[in-house]
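**Q** Can you keep this structure in mind? I'll have questions shortly.
The values are calculated or read from the model by the stated rules, or taken from the named source; none is laboratory data. Since this is a predicted model, take the numbers as computed values, not measurements. So basically every Cβ, Gly included, is an ideal-geometry build from the backbone, and we count neighbours across all protein chains shown. Surface areas here come from the heavy atoms of the whole protein model, side chains and all, with no ligands, DNA or RNA. Shrake-Rupley method; radii C 1.70, N 1.55, O 1.52, S 1.80 Å.
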Amino acid sequence: MPSVAAKRPALEELSSYFPLTFPIATPTTHPDLISTNDLHREEDLLRNPHSFRAWWTAINTTRENYIVLSKKDLGTSNIPEDVQAVLGPLASPLARLTLQRLTYIYEAALTQFPNSFKLWKSYLTMRVSFVLGKQVVKKRAGGKKKFPEMKEALEEALEDMEEWETPLDPIVGWEEWRSLIATFERALMWLPKLPRLWLMYMSVFFHPRCPSIISFTHARRTFDRALRTLPPSLHARIWTQYLLWAERKGGEITVAVYRRYLKVDPSLTERFTDLLLNPSNSPPRPLEAAKLLLSLARKAARGDYISPEGKSPYQLLEDWIEVVERFSEEVGLDVDETDASNNAIAKEDAEKQPDNAAVVSSPDGQLIRLAGPAVPVTADGKKSEPYTEDEDPTNSKKLNIENIVQKDGLAVYKDQAGRLWTGLATYWIKRGEFDRAKDVFEKGLKSVLTLRDFTQIFDTYVEFLESLISAMMQALEDEDEDEEDTAETEASLDLRMKELENLTDRRPFLSNDVMLRRNPNDVQEWEKRVALWGEDDDQVIKTYTKALETINPRKATSNFHRLYVNFAKFYEEGGVSGQADPDLISSRKILEKGTKVNFKAVDDLAEIWCEWAEMELRHDNYDEAARVMQRATATPKNTKVNYHDHSLPVQARLFKSLKLWSFYVDLEESIGTVQSAKAVYDKILELRIANAQIIINYAAFLEEHEYFEECFKVYERGVELFTFPVSFEIWNIYLSKFVKRYVSRSLIPVPGGSKLERARDLFEQALEKCPSKSSKPLFLMYAQLEEDYGLAKRSMAIYERATQVVADEDKFEMFSIYIAKATANFGLPATRPIYERALEVLPDRQTAEMCLRFAALERKLGEIDRARAIYAHASQFCDPRVNPQFWTEWNTFEIETGSEDTFREMLRIKRSVQAQFNTEASYLAAQTISAREGAKKGDEIATEAQDAMAAAEQQAHKATNGPAFVSSTKKAADDQNGAPVAPAANADEIQISDEEDM
């Protein structure tokens with residue numbers, strides 16, 4: 001490559017071409033400016049100097065001639081590449097001459113039309129193309145929209161930034177650059193209110209080859225002049241270019257310009273903070289960025305700011321925390337300064353606390369402020385926040401990170417405590433204050449309320465200790481340290497490893513602390529706390545005691561009473577390990593205390609008493625257990641207490657707890673007498689709290705001790721207390737026990753004893769109020785009683801009665817049983833009336849099934865015509881597509897017992913029924929059945945139903961005993977050889993299909 005010294009003469013030679021347009025070339029100074037071909041144009045312009053069309057035509061003609069000549073000269077030009085790279089669009093003599101010619105014509109035209117925007121815009125565009133180079137045209141989709149918000153406007157302007165190719169070198173062509181700027185100034189002097197000219201002017205400053213003397217100070221002053229000249233409604237367009245220009249220049253320029261703009265529109269504050277943290281050509285300004293983000297977070301929390309990025313107030317605060325973590329030294333105070341600031345803030349808050357003197361009224365009714373700082377108010381009357389150094393980006397005072405995190409973070413965003421505590425700890429870690437960071441972690445672990453936050457802090461804490469240990473171990477591996485430093489490092493390493501081990505061991509307890517802080521009334525978590533202490537009896541006792549003191553019984557979770565029970569068992573069993581002596585006295589004290597607690601549910605209190613009695617039983621204190629239950633079941637004078645009235649304490653409703661009485665009665669049955677147990681049962685019935693199980697248990701207890709009459713009286717009381725369906729179970733057991741005890745035993749020696757009538761009365765009494773859906777088992781038991789010990793006629797009458805009373809879904813089964821019993825007692829003919837009544841009562845679906853059974857009966861009895869009539873009656877309920885089984889059986893019946901006429905009648909009825917059921921609902925049902933059984937099976941059934949008659953005819957012709965019925969056709973005579981001859985075809989024969997009616 002040639003050296004700089006070798007290039008210098010070439011640059012001096014190229015500089016001799018300039019200036020080209022200043023002073024403006026004229027035919028006098030440049031004889032080649034006008035050719036002989038241009039004389040006619042010049043004469044025309046001299047004759048018509050005020051014709052804009054004449055000037056515009058001359059300009060376009062000159063421009064078009066240049067385009068044509070430049071295309072012709074493109075192939076023959078021999079301009080060196082280095083010259084073309086320096087001169088750009090003015091590298092060729094033709095371009096330089098054309099620039100002078102166009103400048104001459106434009107200037108002459110502007111002399112006549114100095115206020116023409118069209119002329120100035122065209123002139124400036126031409127001058128820009130010869131200096132800045134060829135513009136790169138970008139393809140755009142759609143037209144320009146309404147001016148967007150500033151954030152979007154900056155992004156769009158950045159994408160649409162103009163680009164050029166091969167510009168004029170700013171050193172060689174300095175005169176042309178300066179002349180271009182002077183031309184823009186003259187245009188704005190004539191048309192200062194047109195924003196388009198300003199924007200064209202500003203685009204020059206973005207050119208990468210723009211001279212620095214133009215693109216810095218002159219550009220800034222030009223932007224300021226544009227803002228002063230244009231109306232406020234157009235300032236947004238100028239600010240868009242101004243801000244982009246400031247971002248490119250960076251440093252103090254960016255800060256100064258953005259500070260001016262943010263006073264008007266703070267929506268770009270977030271963009272400004274990004275620029276402050278990631279500048280292009282200057283060091284970052286983290287303190288200013290942190291204060292801006294803190295100000296935004298506080299304004300967003302108050303509702304005074306909406307982030308263009310869609311960030312919430314917490315997200316803005318999180319951005320501030322990230323800045324603090326990244327630039328901890330530059331942003332925050334050190335430990336001593338932080339402590340001093342915290343003390344000052346605490347003192348200031350303490351001074352404000354007693355200042356409650358408030359406001360009194362003046363005589364004229366106006367309020368007078370007597371104390372407290374003045375409240376700043378804006379010009380429009382709105383309240384504004386007082387000035388704080390923490391939000392002033394121009395103030396160099398650093399921030400008190402701890403106070404800000406506590407005040408603006410933890411006090412507001414309680415659900416993000418984990419991130420806030422870890423951010424504060426990371427800040428101290430970055431500053432090398434490891435002990436302070438450790439204290440922050442410990443405070444965080446002891447204050448968070450969710451496991452998510454706890455896990456986040458704990459994991460960060462462990463990671464910090466592990467990294468610290470790793471760094472110390474790495475330092476020990478270095479052999480450069482002396483023995484004293486090595487010993488100190490080893491001691492510190494041992495301390496950190498113990499801290500890590502201790503932290504790992506404390507994790508279950510810390511996690512349990514989080515759950516208890518979130519809900520101190522969580523019984524299950526207190527139980528877990530007890531389990532964590534293992535065999536440490538002292539800590540277990542302290543935990544139980546603290547739990548019982550802390551938990552509010554009305555807000556406790558389920559099984560609060562288990563704490564008292566388990567605490568009592570702890571003393572009863574001699575501690576967790578069982579090595580201590582049982583302490584029943586302490587157990588009784590705890591249970592006694594538990595009986596005075598107002599639990600949420602009565603059963604919880606009852607459980608306390610039951611556990612107390614069981615404890616006495618485990619230690620063979622039977623009398624004490626009985627006394628405990630007597631105390632628990634003491635009945636007040638007023639027994640008309642609503643058990644479900646939660647406004648009353650559970651102690652006032654305890655005497656109606658069935659759980660308590662059930663345990664008491666079990667206790668009396670086990671260790672008491674029959675009379676004491678009966679007394680408890682009678683008390684339960686007297687209080688009207690017994691359920692069906694109590695009745696059954698009481699009766700079973702009396703039966704076990706052979707108090708049979710009293711047993712049945714208990715059943716009687718039970719069926720009086722309860723209605724169906726509860727009393728059904730009592731009746732079921734009562735009747736079976738009564739029949740077994742009295743009827744069966746009394747009738748063995750003497751049939752027809754007196755107890756049978758009593759049993760009948762009981763059955764009638766039970767059936768009197770029994771609903772139909774529950775009466776079937778009672779009817780069957782009643783009929784079985786008559787069948788075994790009474791008369792068959794009475795048994796049949798009960799079956800007949802049952803078929804009328806039971807539920808519809810049970811009637812078919814009841815008729816089936818009735819028919820079976822009638823067949824066994826009176827024979828098949830006696831069942832005909834039962835079948836007939838069943839056909840009248842049963843629903844259609846079950847009627848078809850009963851008809852099939854009825855027809856089978858008549859066929860057994862040889863009544864073919866009656867069976868056929870029954871089939872015809874049942875056919876009206878059977879859709880051939882839904883119930884193919886019925887028609888298959890009828891088809892088989894006709895093949896075996898009928899004739900051709902009866903078979904045709906069956907087919908006619910089948911078609912009639914199918915037409916009757918040919919509705920949408922029936923069709924859908926048929927489709928469902930067909931899909932369920934499969935298309936293949938359906939085709940087989942249809943084929944079998946259609947071809948069954950033909951198969952029967954062929955089999956009848958081949959049989960030796962002749963057909964089952966007379967055929968309508970005759971055999972043709974055999975030929976002379978004895979071979980059978982097919983019958984002659986009858987042209988007039990009517991073909992009757994199965995699908996057609998007769």
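**Q** Is it the case that Lys737 is closer than 22 Å to Glu757 by Cβ, at pLDDT below 80 and of a type in the set (Lys, Arg)?
**A** Values: closer than 22 Å to Glu757 by Cβ: yes; at pLDDT below 80: yes; of a type in the set (Lys, Arg): yes.
In short, yes.
**Q** Continuing with the same structure: Name the residues in the stretch 63-79 that are modelled with pLDDT of 80 or more and within 20 Å of Glu176 (Cβ to Cβ), would you?
**A** As a first pass, look at the stretch 63-79 and keep what is modelled with pLDDT of 80 or more: 63-71.
Hits for the stretch 63-79 are Arg63, Tyr66, Ser70.
**Q** In this structure, does Thr504 turn out to be open to solvent by less than 60 Å² (accessible area, probe 1.4 Å), of a type in the set (S, T, N, Q) and in a helix (DSSP H, G or I)?
**A** On the way: open to solvent by less than 60 Å² (accessible area, probe 1.4 Å): no; of a type in the set (S, T, N, Q): yes; in a helix (DSSP H, G or I): yes.
It is false that Thr504 is open to solvent by less than 60 Å² (accessible area, probe 1.4 Å), of a type in the set (S, T, N, Q) and in a helix (DSSP H, G or I).
**Q** Here's another thing I want to ask about it. Can you pull out the residues in the stretch 843-864 that are farther than 19 Å from Met814 by Cα, charged (D, E, K, R) and either in contact with a Cys (Cβ under 9 Å, 6 or more places away or on another chain) or surrounded by fewer than 20 Cβ atoms within 10 Å (Cβ to Cβ) (or both)?
**A** Passing the criteria: Arg859, Lys860, Glu863.
**Q** Does at least one position in the stretch 865-873 carry a residue that is in a helix (DSSP H, G or I), open to solvent by 60 Å² or more (accessible area, probe 1.4 Å), out of contact with any strand residue (DSSP E or B) (no Cβ under 9 Å at 6 or more places or on another chain) and touching a residue at least 40 places away in the same chain (Cβ under 8 Å)?
**A** no
**Q** If Val83 passes every condition in (1) modelled with pLDDT under 85; (2) farther than 17 Å from Leu132 by Cα; (3) of a type outside the set (Ser, Thr, Tyr) but one, which one does it miss?
**A** (2)
**Q** Please determine, by comparing only the residues of the stretch 597-626 that are farther than 17 Å from Tyr664 by Cα and within 45 Å of the chain's Cα centre (by Cα), which one is most open to solvent (accessible area, probe 1.4 Å). If you could, list the steps in order and put the result at the bottom.
**A** Going through the stretch 597-626, the residues farther than 17 Å from Tyr664 by Cα turn out to be 597-601, 619.
Subsequent filtering for residues that are within 45 Å of the chain's Cα centre (by Cα) retains 597-601.
On the way: Val597: 18, Asn598: 58, Phe599: 2, Lys600: 88, Ala601: 40 Å².
Result: Lys600.
**Q** Please verify whether His207 is in a loop (DSSP other than H, G, I, E, B), more than 17 Å from Leu292 (Cβ to Cβ) and either open to solvent by 40 Å² or more (accessible area, probe 1.4 Å) or not small (Gly, Ala, Ser) (or both), treating the condition exactly as stated. Before the answer, list the steps.
**A** Values: in a loop (DSSP other than H, G, I, E, B): yes; more than 17 Å from Leu292 (Cβ to Cβ): yes; either open to solvent by 40 Å² or more (accessible area, probe 1.4 Å) or not small (Gly, Ala, Ser) (or both): yes.
Answer is yes for this residue.
**Q** Between a first residue in the stretch 460-474 that is free of Cβ contacts under 8 Å to residues at least 24 places away in the same chain and a second residue that is part of a helix (DSSP H, G or I), which pairs have beta carbons less than 7 Å apart while being 6 or more apart in sequence or on different chains?
**A** Final answer for the pair search is Met473/Leu493.
**Q** List, please: which pairs have Cβ atoms under 9 Å, are six or more places apart or on different chains, and start with a residue in the stretch 58-84 that is farther than 14 Å from Met126 by Cβ and assigned to a helix (DSSP H, G or I) and end with one that is basic (Lys, Arg) and modelled with pLDDT under 75?
**A** Asp82/Lys7
**Q** Could you tell me whether any residue of the stretch 105-114 is under 19 Å from Glu165 (Cα atoms), touching a residue at least 24 places away in the same chain (Cβ under 8 Å) and not in a loop (DSSP other than H, G, I, E, B)?
**A** There is no residue in the stretch 105-114 that is under 19 Å from Glu165 (Cα atoms), touching a residue at least 24 places away in the same chain (Cβ under 8 Å) and not in a loop (DSSP other than H, G, I, E, B).
**Q** Against the definition (open to solvent by less than 70 Å² (accessible area, probe 1.4 Å) and either modelled with pLDDT under 95 or on the phi > 0 side of the Ramachandran plot (or both)), how does Gln474 come out, yes or no? Step through it out loud before you land on a result.
**A** Details: open to solvent by less than 70 Å² (accessible area, probe 1.4 Å): no; either modelled with pLDDT under 95 or on the phi > 0 side of the Ramachandran plot (or both): yes.
So Gln474 does not fit the description; no.
**Q** Moving to a separate point now. Mind counting the residues in the stretch 573-596 that are modelled with pLDDT under 90 and either in contact with an Asp or Glu (Cβ under 7 Å, 6 or more places away or on another chain) or open to solvent by less than 70 Å² (accessible area, probe 1.4 Å) (or both)?
**A** Final tally of qualifying residues: 8.
**Q** Tally the residues that are open to solvent by 20 Å² or more (accessible area, probe 1.4 Å), small (Gly, Ala, Ser), part of a helix (DSSP H, G or I) and touching a residue at least 12 places away in the same chain (Cβ under 8 Å), restricting the search to the stretch 627-672.
**A** 2
The rows are residues; the columns are (1) touching a residue at least 12 places away in the same chain (Cβ under 8 Å); (2) open to solvent by 60 Å² or more (accessible area, probe 1.4 Å).
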| position | (1), (2) |
| --- | --- |
| Ile689 | yes, no |
| Leu721 | yes, yes |
| Glu729 | yes, yes |
| Lys740 | no, yes |
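**Q** Among the candidates Ala797, Ala820, Ala824, which residue alone is farther than 27 Å from Phe877 by Cα, part of a helix (DSSP H, G or I), at pLDDT 80 or above and out of contact with any Lys or Arg (no Cβ under 6 Å at 6 or more places or on another chain)? Before the answer, list the steps.
**A** Values: Ala820 fails: farther than 27 Å from Phe877 by Cα; Ala824 fails: at pLDDT 80 or above.
One residue alone meets the criteria, Ala797.
**Q** Among (1) open to solvent by less than 70 Å² (accessible area, probe 1.4 Å); (2) under 29 Å from Gly88 (Cα atoms); (3) not in a helix (DSSP H, G or I), where does Phe184 come up short?
**A** Phe184 satisfies every listed condition except (3).
Residue-by-condition table, conditions (1) in a helix (DSSP H, G or I); (2) open to solvent by 10 Å² or more (accessible area, probe 1.4 Å); (3) under 23 Å from Asn395 (Cα atoms):
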| site | (1), (2), (3) |
| --- | --- |
| Ser233 | yes, yes, no |
| Trp239 | yes, yes, no |
| Tyr258 | yes, no, yes |
| Leu268 | yes, no, yes |
| Thr273 | yes, no, yes |
| Ser282 | no, yes, yes |
| Glu288 | yes, yes, yes |
| Arg298 | yes, yes, yes |
| Tyr314 | yes, yes, no |
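**Q** Go through the stretch 567-605 and report how many residues are touching a Phe, Trp or Tyr at 6+ places or on another chain (Cβ under 8 Å), within 16 Å of Val650 (Cα to Cα) and of a type in the set (A, V, I, L, M, F, W, C).
**A** 5
**Q** Here is a follow-up. Counting only residues that are small (Gly, Ala, Ser) and at pLDDT 90 or above, which one in the stretch 235-272 is nearest to Gly310 (Cα to Cα)? So that I can check it myself, show each step before the final result.
**A** Taking the stretch 235-272 as the starting set, the residues that turn out to be small (Gly, Ala, Ser) are 236, 246, 250-251, 256, 267.
Pick out the ones that are also at pLDDT 90 or above and you get 236, 246, 256.
Working: Ala236: 22, Ala246: 25, Ala256: 26 Å.
Per the criteria, the residue is Ala236.
**Q** Here is a list of conditions, (1) more than 22 Å from Arg326 (Cβ to Cβ); (2) open to solvent by less than 70 Å² (accessible area, probe 1.4 Å); (3) part of a helix (DSSP H, G or I), and Gly444 meets all of them except one; can you say which number that is?
**A** Just one mismatch for Gly444, condition (1).
**Q** Being charged (D, E, K, R), part of a loop (DSSP other than H, G, I, E, B) and within 30 Å of Asp538 (Cα to Cα) is the requirement here; does Asp620 meet it?
**A** Working: charged (D, E, K, R): yes; part of a loop (DSSP other than H, G, I, E, B): yes; within 30 Å of Asp538 (Cα to Cα): yes.
Yes: the conditions hold for Asp620.
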